[in-house]
Structure formats: C-alpha cells, structure tokens
Amino acid sequence: MANWNDPQPTRTGFGGSPSIDGAIAGRDGYVVDQGLRRYMLSIYNYMASGVLLSGVVALLFRGVAEQMMLTGNPLMFVIMLAPLAFVLFMSFGVNRMSTGTLQAMFWGFAIAMGLSLSTIFTIYTGASIAATFFAAAAAFAGLSLVGYTTKKNLSAWGSFLYMGVIGLIVAMVINMFLKSPSFHYAISFIGVLIFAGLTAYDTQRLKEQYYHVQGTEFFGKAVVLGALTLYLDFINMFQFLLSFMGQRD
C-alpha cells in the first residue's frame, strides 16, 4: 500500500482560521483546497460522463444484444470480457501511455462496458433498471461524500475490501457450476457491501493522492484513473443491487 500521508502538515484545512502570523500559510492552504476541489470535480465529471456514455450505448445496443443471446453468438462472450481487457491494459500500461491516450482508453472502456451492460435489458424491466440505477447513484453519492469528509483514516479497509473482491470472484465462478439461487443472492448482498465500502475508501484515497500528484506530469493520468476507479465501484454496486431490485421480464 502506498503511503498517502499528507506531505504538507502546515496546510490549513477546510474551515481553518489561520492566525495573523500564519496568514501566508493560510492563503497557501486555500489555494491547495481549491485545487483539490477542482481535482475531485474533474474525477467525478469523467466518471459521470463515462456512466452516461455507457448507458446510452447499452440502450442503443439492447436489441442487438437480445438477438445475439437468443442465437448464442460467441461474439457475446468477447463483448462481455472486453471491459476487463480495457481495465487491465490501462492499469498496467499507464506509465507507457500519454494522458491523451489514457483518456481515449477510458472512453473506449465506457463504450465496451455499455455493450456489455446491454444484456441486462434482456433480463430485467426498464423501470426496475431505472429505479435501481437511481438508488445506486444516491448510495454512491452519499458514500463518496462520507469518504471525502470523514476524519477517520480508512486506509485499513483497503486490504480487507480487495480480499473481499477476490473472494467474490471465486464465489461467482463456483456458482456458475452450482447455479444456486440462494448462493447468488448471498454473493450479491456481500457484493453491495464491499463496493459500498470501496466507494468511501477510494474517495478518501483519491483525495489524499492529490497532494502527491499535483504539479506533476502524472496529474492528468491520475484524474482518468481515479474516474475509472469510482466508475467500477459504482457500476459493480449497481449490478449487485440489481439482483435484489430488478424485476425480470
């Protein structure tokens, strides 16, 4: 785990009231806080735009997805795995990419995820998908706000939550063979909790990361990767929540 401790201990935090002797430090602190707000807003804007793009693509492609599923077209498996390929390529190739290339990869990922998500329209009603989406969006906003404003250090959550993600993947693979409805609902319930925790944890981590990337060449890349991280937290929480709230056609 990286050390995200603030390297600027003299910085005035939100709502600080610097003394006259510390007026310069106070002004510097205000500039840093403004930069942090712009940094986080850039991440949220990228993330929200990516989700919107995925949603539009999913809606446009749903008819084709339904036809491909009915005919058992093997291309459907490629479409479903494409988002994972984008995530791996962006994560491991970030140091070799320019910021512009990474941005293009993010939009490509959003399109690929939209194509993959189009299959949910063949399973659930549009009304239940919309209701679940807004419920997930409200939960995400609240949890991200908690991660941004809390004074509690959430770094200890990281290892536990990522181990939980690995456990979820293993459980989902096992249930592909068991096909147990009760096991499926248990996985979905745990998945909602894990990605709820990751939303708060990742928001705090990205906030602290700002002080390490500001003024560096990595700043633009950090924004894109931060948006990708929060996008994955949201979309996974939405998909697991859909198992409970979604009404089948």
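The values are calculated or read from the model by the stated rules, or taken from the named source; none is laboratory data. What you see is a predicted model, and the numbers here were worked out from it, not measured in a lab. In this analysis, Cβ positions are derived from the backbone assuming ideal geometry, glycine residues included, and neighbour counts consider all displayed protein chains.
Here are some notes:
- The C-beta contact set for the stretch 234-249 (first residue within 18 Å of Ile194 (Cβ to Cβ), second residue outside any helix (DSSP H, G or I), distance under 7 angstrom, 6+ apart or interchain) comprises Leu242/Tyr124.
- Within the stretch 108-147, if we keep just the residues that are surrounded by 15 or more Cβ atoms within 10 Å (Cβ to Cβ) and of a type in the set (Ser, Thr, Tyr), the residue that is farthest from Gly197 (Cα to Cα) turns out to be Thr122.
- Residue tally, condition in contact (Cβ under 8 Å) with a residue 40 or more places away in the chain and touching a Phe, Trp or Tyr at 6+ places or on another chain (Cβ under 7 Å), over the stretch 213-223: 1
- Subset of the stretch 77-98 (residues that are of a type in the set (S, T, N, Q) and assigned to a helix (DSSP H, G or I)): Ser91, Asn95
- Selected residue (criterion: farthest from the chain's Cα centre (by Cα)) from residues of the stretch 179-219 that are aromatic (Phe, Trp, Tyr) and surrounded by fewer than 20 Cβ atoms within 10 Å (Cβ to Cβ): Phe183
- Unique match (being more than 13 Å from Leu117 (Cβ to Cβ), at pLDDT below 90 and touching a helix residue (DSSP H, G or I) at 6+ places or on another chain (Cβ under 6 Å)) among Met76, Met47, Met68, Met90: Met68
- Any hit, the stretch 37-53, residues being assigned to a helix (DSSP H, G or I) and farther than 30 Å from Thr216 by Cα: no
- Qualifying residue in the stretch 106-120 (condition: out of contact with any Ser or Thr (no Cβ under 8 Å at 6 or more places or on another chain) and without any contact (Cβ under 8 Å) to a residue 24 or more places away in the chain): yes
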